[in-house]
Amino acid sequence: MEFTASPKPQLSSRANAFSIAALMSSGGSKEKEATENTIKPLEQFVEKSSCAQPLGELTGLDAHGEFSGSGGSGGSPSAASLCTEPLIPTTPVIPSEEMAKITCSLETKELWDKFHELGTEMIITKSGRRMFPTIRVSFSGVDPEAKYIVLMDIVPVDNKRYRYAYHRSSWLVAGKADPPLPARLYVHPDSPFTGEQLLKQMVSFEKVKLTNNELDQHGHIILNSMHKYQPRVHIIKKKDHTASLLNLKSEEFRTFIFPETVFTAVTAYQNQLITKLKIDSNPFAKGFRDSSRLTDIER
């Protein structure tokens, strides 16, 4: 007696649409489409440029901090291919004689020093959280007649992930760093400044927000929790021929780093002393100070 394999059942068009194979294939395409639709101009710029490219090969940055490629529209990039290297090199670049005259000072350095002694922590959230203390700087040695773009970015200190040991009140290495996230530059919204303006006023980055949302569409700086980071301030001389477009290929720049601003990104404060110092120092934390005093009295 011969046995023949029974024919494969044929699904109706409606049933076939909900089959496992169909759902898996459609899910992948929808996810890819969603990813492409959430990529901001900055990521599009990064994807079009190679991580290995030096600053001189980067494309354009307009006055509002949006990047544009030099090759027109092009195709939609995928999130997997985003550049995670800093958009401005971390290796020292020898400045021109003119740019070498510029100096940058960190305001409220005393407050930063207090946090640094304890081990500064910065909260990151999905919607974005502002930094405290705020990065505030002042410049000298600039040309009063020239125009300058002032930017900020935040780069990893090392390739490690950390954890807080409560019994030792200290940070310990917990392992290798998580995969790096898309690199972003924050262009100060008042840029470009004239040199005269920079000589008279302080530049504050109080609007910078930190997030752990990899799909952030608001220009916030994306960080990994429990990793250490170093903020950097950059000043770029804007040339007349660039009009409203800052072409990183031909601009002169200086980078300034303040070691006392190093911080660990966290989703909740780990060190209680940091929490107390933030409440005592932050003018916007008045409610926390009042409630804590009331609790002490009631006790």
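The values are calculated or read from the model by the stated rules, or taken from the named source; none is laboratory data. This structure is a prediction, so every number in the text was calculated from the model and none was measured. Counting neighbours? That spans all protein chains shown, and the Cβs are built from the backbone with ideal geometry, glycine included. To get the accessible areas, we keep the full protein, side chains included, count just its heavy atoms, and leave off ligands, DNA and RNA. Shrake-Rupley method; radii C 1.70, N 1.55, O 1.52, S 1.80 Å.
Go through region 201-221 and give me each residue that's open to solvent by 80 Å² or more (accessible area, probe 1.4 Å) and either closer than 19 Å to Met152 by Cβ or at pLDDT 95 or above (or both). Please lay out each step first, then the result.
Pass one, region 201-221, residues open to solvent by 80 Å² or more (accessible area, probe 1.4 Å): 202, 207, 214-215, 217-218.
Correct list: Met202, Lys207, His218.
If Arg184 passes every condition in (1) farther than 23 Å from Arg232 by Cβ; (2) surrounded by 19 or more Cβ atoms within 10 Å (Cβ to Cβ) but one, which one does it miss?
So the condition that Arg184 fails would be (1).
Conditions tested, residue by residue: (1) among the acidic types (Asp, Glu); (2) farther than 30 Å from Met202 by Cα; (3) in contact (Cβ under 8 Å) with a residue 12 or more places away in the chain.
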{"position": "Phe139", "(1), (2), (3)": "no, no, yes"}
{"position": "Ile149", "(1), (2), (3)": "no, no, yes"}
{"position": "Met152", "(1), (2), (3)": "no, no, yes"}
{"position": "Ala165", "(1), (2), (3)": "no, yes, no"}
{"position": "Ala177", "(1), (2), (3)": "no, yes, yes"}
{"position": "Pro180", "(1), (2), (3)": "no, yes, yes"}
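I'd like to verify a number: residues in region 83-135 that are farther than 24 Å from Asn224 by Cα and in a loop (DSSP other than H, G, I, E, B), how many?
Final tally of qualifying residues: 9.
Cβ-Cβ distance below 9 Å, separation of 6 or more or different chains: which pairs start in region 184-197 with a residue that is closer than 22 Å to Asn213 by Cβ and end on one that is part of a helix (DSSP H, G or I)?
Close Cβ pairs satisfying both conditions: Arg184/Leu42; Arg184/Glu43; Arg184/Val46; Leu185/Leu42.
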